[in-house]
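Take a look at the structure set out below.
The values are calculated or read from the model by the stated rules, or taken from the named source; none is laboratory data. This structure is a prediction, so every number in the text was calculated from the model and none was measured. A quick note on method: Cβ atoms are made from the backbone with ideal geometry, for glycine too, and the neighbour counts reach across all protein chains shown.
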Amino acid sequence: MKVTIDGQEIEVQPGTTILQAARMIGGDIVPPAMCYHSKLEGSGGKCRCCLSEVSKGSEADPRPMPKLMASCVTGCQDGMEVKTKSSPRVQEAQKAVTEFLLINHPLDCPVCDQAGECDLQNLSFEHGKSESRFIEEKRTFEPEDIGPNIQLHMNRCILCYRCVMVADQITDDRVHGVMDRGDHSNISTCVSHAIDNEFSGNMIDVCPVGALTDKTFRFKSRVWFNKPYNAHRDCPTCSGKTTVWMFGDEIQRVTGRKDEYHEIDEFICNGCRFDHKEVSDWVIEGPREFEKDSVINQNNYTKKLDTVVIETEETILKGRAIDRKKISMSEIDFNEKIDGNPLNSTING
Ligand code: SF4
Ligand code: FES
């Protein structure tokens, strides 16, 4: 069936959501997503960042949908027309959602390990206001210890439920989840037990903000000072395919590999993540490639760049070619003699 998003038509399979269709087209029209994660079943529908305007429901029922729809949980219909980037209503709503998400967020980016690769930081950079209208007291929680490897900062949590789904779907025994309701809702290890199953570290990678961070990397470096490389090792528990973040010769942290939407390609085990920080533990494949804009991918040389075409008059180009020839000294005969010595001997001193 056919669906049109911001004027671009694409053919999709039944069951495809608007967000998935938009990602198939790619580019600016892809709505931001904080809670949807393509590798986690049932994720999405929590954060409302991905709102889109359905201006035509389908070929069979062309009426527009009256409310903005969460594109990660709205299925495409044949003949559906959707607006994302091109809709002022959507832009306005994304600003409002961002403001809402930031209401209780501590805005402690200068001391947060997630800064530089935080989806909320990116979202607020694009859609946020420079000042807050919130004058009430922010919601705060007592610090809670959830084990030796993972640091929970509940004040930063946006309740996207991704970590709960990792615990449900990737690990054998779930010992943490969302407790309480309303603005008391919080992530907790229900029984105050450490999360010690082999894949629990993936909660760190799926957390879109700095609510769950790696204790072994805590306050070691800002992420943009690290150089990320794809690496692998023979691991009996997981695929062993990771990204290692290096500072000089030192591996400061190990994470799963993320795609252009900051979603994990393959979940990795805690052994790879926390216990293998020696360069000799890994086969380094090469620099990690980035697609999505973020602080850490600024000036990354693997980033795709648009080809710049400069329209210039032909005479100017001709002049440039002459200049280039002069500058390159290609016509100078280095065997020519000055005072009886070959020219290149003068140049080489
Ligand atoms: S701790 Fe992170 S991953 Fe878990 S619900 Fe909160 S924001 Fe989402
Ligand atoms: S990504 Fe769609 S509601 Fe969160």
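Looking at region 216-265 only, could you name the residues that are free of Cβ contacts under 8 Å to residues at least 40 places away in the same chain, among the small types (Gly, Ala, Ser) and closer than 26 Å to ALA33 by Cβ?
SER239, the sole residue that qualifies.
Considering only residues of region 44-71 that are within 16 Å of GLY15 (Cα to Cα) and of a type in the set (Ser, Thr, Tyr), which is farthest from ligand 1 (Cβ to nearest atom)?
SER58
So SER55 clears everything in (1) buried (at least 18 other Cβ atoms within 10 Å of the Cβ); (2) free of Cβ contacts under 8 Å to residues at least 60 places away in the same chain; (3) more than 12 Å from ligand 2 (Cβ to nearest atom) except one condition, right? Which one?
(1)
Please go through region 28-42 and give me each residue that is away from ligand 1 (no atom under 13 Å from the Cβ) and either in a loop (DSSP other than H, G, I, E, B) or under 14 Å from the mean Cα position of the chain (by Cα) (or both), ordered by number.
If the condition is that a residue be away from ligand 1 (no atom under 13 Å from the Cβ) and either in a loop (DSSP other than H, G, I, E, B) or under 14 Å from the mean Cα position of the chain (by Cα) (or both), then VAL30, PRO31, PRO32, SER38, LYS39, GLU41, GLY42 are the ones that fit.
Yes/no matrix, rows are residues, columns are (1) at pLDDT 95 or above; (2) acidic (Asp, Glu); (3) surrounded by fewer than 16 Cβ atoms within 10 Å (Cβ to Cβ):
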residue	(1), (2), (3)
ASN226	no, no, no
TYR229	no, no, no
ASP249	no, yes, yes
GLU263	no, yes, no
ILE268	yes, no, no
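State whether the residues of region 43-52 include one that is of a type in the set (S, T, N, Q), out of contact with any Lys or Arg (no Cβ under 8 Å at 6 or more places or on another chain) and not in a strand (DSSP E or B).
No: region 43-52 contains no residue that is of a type in the set (S, T, N, Q), out of contact with any Lys or Arg (no Cβ under 8 Å at 6 or more places or on another chain) and not in a strand (DSSP E or B).
Could you list, in sequence order, the residues of region 75-90 that are closer than 15 Å to MET1 by Cα and either within 16 Å of ligand 2 (Cβ to nearest atom) or not assigned by TED's automatic domain parsing to the domain that holds GLU9 (or both)?
Across region 75-90, the qualifying residues are GLY75, CYS76, VAL82.
Of the conditions (1) more than 25 Å from PRO14 (Cα to Cα); (2) under 22 Å from the mean Cα position of the chain (by Cα), GLU142 satisfies every one except a single condition; which number is it?
The single condition GLU142 does not satisfy is (2).
Within region 195-253, take every residue that is within 16 Å of ligand 2 (Cβ to nearest atom) and not β-branched (Val, Ile, Thr) and give me the one that is nearest to the chain's Cα centre (by Cα).
PRO208
Please enumerate the residues belonging to region 91-123 that are of a type in the set (A, V, I, L, M) and buried (at least 21 other Cβ atoms within 10 Å of the Cβ).
The answer is LEU101, LEU120, LEU123.
Here is a yes/no grid of residues against (1) in contact with a Leu (Cβ under 9 Å, 6 or more places away or on another chain); (2) within 16 Å of ligand 2 (Cβ to nearest atom):
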| residue | (1), (2) |
| --- | --- |
| GLU92 | no, no |
| CYS112 | no, no |
| GLN151 | yes, no |
| CYS163 | yes, yes |
